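Undergrad: Quick one: the structure is below, and I'll ask about it shortly.
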Amino acid sequence: MAETTTDTLHIHIKPTGGWRGIDFVEVWKYRELLYFLSWRDIKVRYKQTVIGVAWAIIQPLFTMVVFTLFFGKLAKMPSDGIPYPIFSYAALVPWSFFASGLSDASSSLVSNANLIKKIYFPRILIPLSAILSKGIDFMLAFLVLLVMMFCYGIVPTAAVIWLPLLCLLVVITSLGVGLWFTAMNAQFRDVQYAIPFFIQVWMFATPIAYPSSLLKEPWRTLYGINPMVGVVEGFRWALLGINTPPGPIIFISALAAFIILISGALYFRRMEKTFADVI
Amino acid sequence: MSNIAIKVENISKQYRIGTLKARYSTFRDTLSDAFKTPFRKAAELLRGQAYAASGLTKTKWALKNLSLEVRHGEAVGIIGHNGAGKTTLLKILSRITEPTTGFGDIYGRVGSLLEVGTGFHPELTGRDNIYLNGAILGMKRLEITRKFDEIVDFAGVEEFIDTPVKFYSSGMHMRLAFAVAAHLETEILLVDEVLAVGDVAFQKKCLNKMSSVTHQGRTVLLVSHNMEAIMGLCSRAIWLHQGEKEDEGPSQQIVKRYLSSYVERGVWQVPIAERTDRVGAGSIRFTGFRLQDKDGNPIDCIVAGETVDFVFSYVCKDETVGNVTVWFWIRDDLGRDLLCLWSRKTGQDFEKLPKKGELICRIPRFPLRPNKYIIDLKADVNNVHGDRLPDAALFEVVAGDFYGTGRSVSDLGIFLCDHSWRYSENSSSPNKENK
């Protein structure tokens with residue numbers, strides 16, 4: 001019982017109201033649970049499948065093949081001086097992370113209803129672990145991207161040092177949007193039917209099959225309000241060295257992502273207290 | 001810091017349980033409402049007004065102005081009927097849900113066991129689930145690793161520890177789940193009805209574990225319907241009734257009061273024919289119950305040791321029914337099943353019965369000590385539930401001259417049975433007399 005006596009806790013229980021921010025100290029205290037929840041999601045995801053974890057690669061890879069056929073070959077889409085397959089795949093890697101993370105996060109509270117109703121922990125761990133567990137899929141898809149770059153003989157530019165921050169940006173975006181949707185989904189399941197459609201529309205609103213350079217300035221920079229524009233163009237710029245650097249787009253996107261995250265967190269926290277009662 | 005572990009002041013909890021139906025006067029109103037509602041709800045949802053958006057306007061107070069105090073090292077039982085607010089109280093204390101009004105303070109590390117096996121994933125192995133479930137209950141990884149062997153041993157699942165739990169039998173699943181929970185070593189433990197798992201031997205193991213927990217000087221708040229467990233484990237009990245505190249005091253005393261009120265307020269006061277809480281196809285229905293002595297005279301209560309007839313009147317849906325089996329359980333005031341009297345076991349199922357009549361079960365020399373007893377009544381037709389009545393009736397046994405010695409039977413023990421005493425001079429050869 002050594003560790004149980006180290007800290008004497010005091011918990012105060014009272015009705016809360018209004019808007020609250022995320023309690024980071026508490027989230028940090030529960031970091032082991034976050035780890036176990038992500039670990040569970042990863043371990044369980046490809047259980048009872050034949051090809052298992054290969055699904056993580058197949059999805060973006062086949063989408064790339066389809067895009068290359070229809071947009072690259074048939075529609076002769078410009079691709080910023082990069083071979084179209086790798087141009088689209090470099091965008092599909094972060095996009096797949098975003099799309100699957102968002103869709104899992106949105107349904108995460110409902111699918112973990114038994115936990116919510118029976119035990120206390122910071123509720124944000126649930127959507128957060130759903131997103132973090134997608135990190136493995138992302139890494140596998142990213143390895144394939146490296147292989148493709150090698151085959152095409154593409155060497156990353158110096159801008160590659162920004163890549164970790166771009167990865168953070170996609171996590172922030174997924175979490176921000178995910179918090180909004182999962183909190184709403186707890187109340188009304190309409191959300192889970194709307195999500196696939198929403199993600200599809202968002203995909204076409206993001207320069208994955210086409211370059212953002214199709215837009216004239218200042219519209220191209222303004223386009224960064226969609227945070228995924230900054231992510232996707234950032235990935236291409238950092239890894240492939242496109243001839244139209246995104247520049248300020250990324251700043252606009254980062255700003256937009258932070259606004260979404262902060263508002264999502266506030267909204268989630270406001271709805272949080274009713275989760276156990278309404279799910 | 002004082003000696004208080006849990007202190008709750010004036011806590012109330014209101015649940016939204018349904019929608020009050022609005023009346024529409026015109027078709028136009030209905031139509032415009034159907035169109036407007038989604039927009040109104042979406043707006044409320046986006047403003048974060050979950051309750052307004054849910055449209056649940058009908059409310060129910062699960063707890064009303066409840067105050068209580070638990071000192072460190074104390075084991076307190078919470079008792080009450082279903083819906084009395086017991087689980088709601090534990091949910092508020094474990095911070096799963098918030099009170100509507102009032103506040104509380106808890107001093108110390110809290111572990112809550114509202115269910116065993118929360119978060120168990122069928123695809124994961126026993127080993128993985130121990131870690132996952134442990135983490136969910138609030139244990140540190142090191143702590144789980146240290147207790148791992150003990151947990152596996154307690155559950156008795158060594159062989160299958162690397163098998164996904166979906167291949168476990170329900171008993172193994174339950175044992176593993178309880179084993180993890182039992183090793184949660186927090187200063188304060190909130191436990192909800194988790195003792196009622198597994199077979200009798202395992203339940204006993206669980207009770208022993210719980211009693212060692214209470215003897216370690218940890219604070220326990222236990223919700224249970226098992227009155228023996230409450231009396232055995234808790235020094236103090238709190239009785240909740242419809243969200244309010246009905247009584248509080250030493251557990252023996254409170255359980256006794258609770259049970260006698262249970263007997264008084266029970267559903268058996270409703271005549272059997274008027275009961276609506278029955279289960280079954282209705283091919284046969286019980287309409288009445290009475291007791292009579294061996295000569296057929298109705299009696300109010302049973303004299304211990306006398307012959308008694310349990311008479312159940314019935315009606316059938318059809319003109320005749322075939323293949324009827326009928327049985328009833330006799331339960332005591334602590335909720336323990338004592339006797340099952342079943343026509344199938346005596347080889348006396350009814351092959352054919354007319355539309356209505358009476359089924360009579362005779363018990364010679366009634367063998368239970370003076371007390372109040374409750375019966376659960378059941379009948380099946382062609383192996384399909386015909387009629388099932390839990391808590392069908394209450395009857396009382398009064399002291400009688402069971403042994404024909406002019407001495408009244410005592411309150412000791414539960415059962416009475418014929419027996420005799422004799423003397424033998426040589427204790428080393430007990431069978432001497434038989435030779």
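Undergrad: I'd like to check something: does the stretch A:77-87 contain any residue that is at the interface with chain B (Cβ under 10 Å from one of its Cβ atoms) and not in a helix (DSSP H, G or I)? Let's see the steps before the verdict.
TA: Narrowing the stretch A:77-87 to residues at the interface with chain B (Cβ under 10 Å from one of its Cβ atoms): none.
No; the residues of the stretch A:77-87 include none that is at the interface with chain B (Cβ under 10 Å from one of its Cβ atoms) and not in a helix (DSSP H, G or I).
Undergrad: Would you say B:A177 is part of a helix (DSSP H, G or I), more than 19 Å from the chain's Cα centre (by Cα), farther than 28 Å from A:H10 by Cβ and of a type in the set (A, V, I, L, M)?
TA: Judged against the criteria, B:A177 is a match.
Undergrad: Continuing with this model, one more query. Taking the residues in the stretch B:361-410 that are farther than 20 Å from B:K294 by Cβ and not assigned by TED's automatic domain parsing to the domain that holds B:C340 as candidates, determine which candidate is modelled with the lowest pLDDT.
TA: Looking at the filtered set, the residue picked out is B:S410.
Undergrad: Among the residues of the stretch A:150-160, write down those that are touching a residue at least 40 places away in the same chain (Cβ under 8 Å) and under 15 Å from A:G247 (Cα atoms).
TA: If the condition is that a residue be touching a residue at least 40 places away in the same chain (Cβ under 8 Å) and under 15 Å from A:G247 (Cα atoms), then A:T157, A:A159, A:V160 are the ones that fit.
Undergrad: Please identify the pairs in which a residue from the stretch A:69-95 that is over 16 Å from A:M148 (Cα atoms) and modelled with pLDDT under 95 has its Cβ atom under 9 Å from the Cβ atom of a residue that is buried (at least 18 other Cβ atoms within 10 Å of the Cβ) and charged (D, E, K, R), counting only partners at least 6 apart or on another chain.
TA: Cβ pairs passing all conditions: A:D80/A:R236.
Undergrad: For the stretch B:78-101, give me each residue that is more than 10 Å from every other protein chain (Cβ to nearest Cβ) and among the charged types (D, E, K, R).
TA: Once the filter is applied, which keeps residues that are more than 10 Å from every other protein chain (Cβ to nearest Cβ) and among the charged types (D, E, K, R), the stretch B:78-101 yields only B:K86.
Undergrad: Report, by residue number, each residue of the stretch A:9-36 that is facing chain B (nearest Cβ under 7 Å) and at pLDDT 90 or above.
TA: A:E32, A:L33, A:F36
Undergrad: Checking the condition outside any strand (DSSP E or B), touching a residue at least 60 places away in the same chain (Cβ under 8 Å) and under 25 Å from B:D349 (Cβ atoms), which residue from B:F366, B:F402 passes?
TA: So the residue among B:F366, B:F402 that is outside any strand (DSSP E or B), touching a residue at least 60 places away in the same chain (Cβ under 8 Å) and under 25 Å from B:D349 (Cβ atoms) is B:F366.
Undergrad: Now a separate question. Of everything in the stretch B:104-122 that's facing another protein chain (nearest Cβ under 7 Å) and modelled with pLDDT of 90 or more, which residue is surrounded by the most Cβ atoms within 10 Å (Cβ to Cβ)?
TA: Ranking the qualifying residues of the stretch B:104-122, first place goes to B:I106.
Undergrad: All but one of (1) within 26 Å of the chain's Cα centre (by Cα); (2) at pLDDT below 90; (3) assigned by TED's automatic domain parsing to the domain that holds B:A393 hold for B:V303, so report the exception by its number.
TA: Unmet condition: (1).
Undergrad: Name the strands (runs of 3 or more DSSP E) wholly inside the stretch B:205-267 in which the number of residues that are surrounded by fewer than 20 Cβ atoms within 10 Å (Cβ to Cβ) is 2 or more.
TA: Output list reads B:236-241, B:244-250.
Undergrad: Take A:D41 and decide whether it is touching a residue at least 12 places away in the same chain (Cβ under 8 Å), among the acidic types (D, E), under 24 Å from B:Y131 (Cα atoms) and touching a Ser or Thr at 6+ places or on another chain (Cβ under 6 Å).
TA: So A:D41 fits the description; yes.
Undergrad: Let me ask something additional. Quick one: how many residues across the stretch B:277-308 are assigned to a strand (DSSP E or B), surrounded by fewer than 19 Cβ atoms within 10 Å (Cβ to Cβ) and in contact (Cβ under 8 Å) with a residue 24 or more places away in the chain? So that I can check it myself, show each step before the final result.
TA: Residues of the stretch B:277-308 that are assigned to a strand (DSSP E or B), as a first pass: B:279, B:284-293, B:298-299, B:302-303, B:308.
The next check asks that each one be surrounded by fewer than 19 Cβ atoms within 10 Å (Cβ to Cβ); those that pass are B:279, B:287-288, B:290-293, B:298-299, B:303.
Filter again for in contact (Cβ under 8 Å) with a residue 24 or more places away in the chain, leaving B:279, B:287-288, B:291, B:303.
Total meeting the criteria: 5.
Undergrad: Which number in (1) more than 24 Å from A:V147 (Cα to Cα); (2) in contact with a Ser or Thr (Cβ under 9 Å, 6 or more places away or on another chain); (3) hydrophobic (A, V, I, L, M, F, W, C) marks the one condition that A:I262 misses?
TA: Every condition holds for A:I262 apart from (2).
Undergrad: Scan the stretch A:137-152 and tell me whether some residue there is part of a loop (DSSP other than H, G, I, E, B) and either under 30 Å from B:K41 (Cα atoms) or not acidic (D, E) (or both).
TA: Looking through the stretch A:137-152, none of the residues is part of a loop (DSSP other than H, G, I, E, B) and either under 30 Å from B:K41 (Cα atoms) or not acidic (D, E) (or both).
Undergrad: Among (1) within 14 Å of chain B (Cβ to nearest Cβ); (2) closer than 28 Å to A:V66 by Cα; (3) among the basic types (K, R), where does A:R189 come up short?
TA: The number of the failed condition is (2).
Rundown of residues vs (1) closer than 19 Å to A:P15 by Cβ; (2) more than 29 Å from the chain's Cα centre (by Cα); (3) touching a residue at least 12 places away in the same chain (Cβ under 8 Å), yes/no style:
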| residue | (1), (2), (3) |
| --- | --- |
| B:T97 | yes, no, yes |
| B:Y107 | no, yes, yes |
| B:F120 | no, no, yes |
| B:T125 | no, yes, yes |
| B:L132 | no, no, yes |
| B:A135 | no, no, no |
| B:K140 | no, yes, no |
| B:I144 | no, yes, yes |
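Undergrad: Another one. Which of the following residues is on the phi > 0 side of the Ramachandran plot, of a type outside the set (K, R), surrounded by fewer than 16 Cβ atoms within 10 Å (Cβ to Cβ) and in contact with a Ser or Thr (Cβ under 8 Å, 6 or more places away or on another chain): A:G247, A:G241? Full working, then the answer.
TA: On the way: A:G241 fails: surrounded by fewer than 16 Cβ atoms within 10 Å (Cβ to Cβ).
Exactly one residue qualifies, and that residue is A:G247.
Undergrad: Within the stretch B:349-356, identify whether any single residue is closer than 26 Å to B:V303 by Cβ and either in the same structural domain as B:E274 (by TED's automatic domain parsing) or loosely packed, with under 12 Cβ neighbours inside 10 Å (or both), and answer yes or no.
TA: no
The values are calculated or read from the model by the stated rules, or taken from the named source; none is laboratory data. Just so you know, these numbers come straight off a predicted model, no measurement behind them. Note that we place each Cβ from the backbone using ideal geometry, even for glycine, and neighbour counts take in every protein chain shown.
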